[in-house]
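The values are calculated or read from the model by the stated rules, or taken from the named source; none is laboratory data. Computed from a predicted model, the values in this text were never measured in an experiment. Note that we place each Cβ from the backbone using ideal geometry, even for glycine, and neighbour counts take in every protein chain shown. These accessible areas exclude ligands, DNA and RNA; they are computed on the full protein's heavy atoms, side chains included. Shrake-Rupley method; radii C 1.70, N 1.55, O 1.52, S 1.80 Å.
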Amino acid sequence: MSAKILIVEDNQENIDLLHFFLKPQDYKLLTVKDGEEALKVVRKEIPDIILLDIMLPKLDGFQVCERLKKDERTKFIPIIMITALKDMKDKLKALEVGADDFITKPFENVELLARVKSLLRIKSYHDELEQKNIELEEKNESLVWMDKFKEELTGLIVHDMKNPLFVIQGNLQMVLMNLDQSPSEALKKYTRRIERSSQQLLRMVVNLLDISRFEDGRIELQKDPVDLNQIIAEIVQRVSEYPENLNKEIQVDLDKQVSELVLDKSMIERVIENLISFATNNASEGGRVDLATRQKGDRCIEFTVQDNGTQIPRKYQDKIFEKYSQAEIKNAGYRVERALGLTFCKMAVEAHHGNMELDLNNPVGNRFIIQLSSLA
């Protein structure tokens, strides 16, 4: 791209001479004849370099140079002062007001071009350095942002993992307190709670490990033929017996015509359990969760999970699966699945060449849609 040179000169002969020298170098030349007009042009179209005569009408070259060098937008534009003045004081004044170089009339073609090229080269280095600084600042801001969200995310995960640990610890204490009396039913109740919380904790850990493997491209799926309806039914039976779900209705509508899928069974079980867990936790007391499967064409099976609880607002719906948005959504007072459960679900489904989304047109609660291919 051709460099843009602004010539500020009131003598037409000098203007013609400068054009004669500079035009063959393929520079884009702008010309004005007084100081005020020069300032107006610079405000509209910043040049790469300015050739500035000292003896000008309205504002002289010293005044123009001083104003440009005090302006943050224009202070780095190279300025070559062109003067017929021989006095050393004038040259010193030119440097004092910020001129980068000066040349005395009459000037030689070679000298003029050498000074212009030298300052344009320096300006190019400066512009490149400034652009690099802007990029570094943007990257630094991005890193600061990432560090903040990593800290919040760590806090969220630690909080999620503490809950089942507290349940395990509390129920172990209850077991120890009842050992002497040996009430078998009480011991069974406490040990079932311990088992459930241990499974939840293990699921969280495995989800987090799988997310890391997905991101690094190190995940290996162990695929086998599976009956999706059977997996859903078994999980529903287990989840519906949890004490917090006894007053919640789980409606199941499974299409008996769905075809067999070839999937990583363990991974898909965790996907389904995470989604059902989110739905039952989000449903209010006495609320309802609806699960359904449908055969969509010859090769696609659709699984939907819907609750009638608090709906995730539109501004967060696009972020619900993003790892670093989980803390933001939870801090805003809305439910997210523990230990990045929804992030894991989407990654796991996509690893099976499927699709998972939150239904943006659902009027009540939250409705998740998963589509899996029977040829996955």
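With axes computed from alpha carbons, what is the tilt in degrees of helix 35-44 against the longest principal axis of the chain, rounded to the nearest 10 within 0 to 90? Compared with the principal axis, the helix lies near 20 degrees. Judged by the ratio a/c of the largest to the smallest principal axis of the C-alpha gyration tensor, segment 60-122 counts as oblate, that ratio being 1.5 or greater while a/b is no larger than b/c.
Per-residue packing, averaged as other Cβ atoms within 10 Å, sorts the ranges 273-284, 312-323 into the order 273-284, 312-323, beginning with the highest.
For residue 308, what is the net charge nearby, where nearby means another residue's Cβ is under 9 Å from its Cβ and Lys, Arg count +1, Asp, Glu -1?
Working: positive: 288; negative: 290, 307.
Counting the neighbours of residue 308, the net charge comes to -1.
Summing charges over neighbours of residue 215, with a neighbour being any other residue whose Cβ is under 13 Å away from its Cβ, gives 0 when K and R count +1 and D and E count -1. The candidate values were (i) 76, 24, 18; (ii) 48, 24, 19; (iii) 30, 24, 19; the one computed from these coordinates for semi-axes √(5λ) of the Cα gyration tensor in Å carries the label (i). For segment 190-260, the square roots of the Cα gyration tensor eigenvalues, ordered a ≥ b ≥ c, give a/c of at least 1.5 with a/b no greater than b/c, which places it in the oblate category. The largest accessible area among 36, 108 belongs to the first residue in 108, 36, and the rest follow in falling order (1.4 Å probe, all chains).
Which pairs in the list 70/93; 23/117; 256/296; 4/44; 23/44; 44/75 are over 19 Å apart, alpha-carbon to alpha-carbon? All intermediate terms of the calculation are to be shown ahead of the outcome.
Values: 70/93 15 Å; 23/117 14 Å; 256/296 13 Å; 4/44 13 Å; 23/44 22 Å; 44/75 15 Å.
Over 19 Å Cα-Cα: 23/44.
Please give the helix 228-240 orientation as an angle from the longest Cα principal axis of the chain, in degrees from 0 to 90, rounded to the nearest 10. Tilt relative to the chain: about 80 degrees.
Placing +1 on the Cβ of every Lys and Arg and -1 on the Cβ of every Asp and Glu, with nothing else charged, gives the chain a dipole about its Cα centre of roughly 440 debye. Counting only alpha carbon atoms, the long axis of helix 265-282 and the longest principal axis of the chain meet at about 90°. Below 15 angstrom from the Cβ of residue 98, what's the summed charge of the other residues (Lys, Arg +1; Asp, Glu -1)? Once all neighbours under 15 Å are counted, the net charge is 0. Less than 5 angstrom separates the built amide H of residue 49 from those of 4, 6, all sequence-distant by 5 or more or on a different chain. Segment 1-69 and segment 252-276 have Cα centres spaced 74 Å apart.
If you count the DSSP beta bridges with both ends in the chain, what percent of them are antiparallel, to the nearest 5?
On the way: 24 of 47 bridges.
Counting only bridges with both partners in the chain, antiparallel ones make up about 50 percent.
Protection proxy ranking of 17-28, 231-242, 210-221, by the mean of other Cβ atoms within 10 Å over each peptide's residues and highest first, is 231-242, 17-28, 210-221.
For the chain, averaging the sequence separation of C-alpha pairs within contact (under 8 Å, six or more residues apart) and dividing by the residue count gives a relative contact order of 11 percent. As a rough guide to protection, the peptides 56-62, 68-74, 343-349 ranked by mean Cβ packing within 10 Å, highest first, stand as 343-349, 56-62, 68-74.
Less than 5 angstrom separates the built amide H of residue 289 from those of 249, 250, 251, all sequence-distant by 5 or more or on a different chain.
About its Cα centre, how strong a charge dipole does segment 222-366 have in debye, to the nearest 20, once Lys and Arg get +1 and Asp and Glu get -1 at the Cβ?
On the way: 18 positive and 24 negative charges, 87 e Å.
Here the size comes out at about 420 debye.
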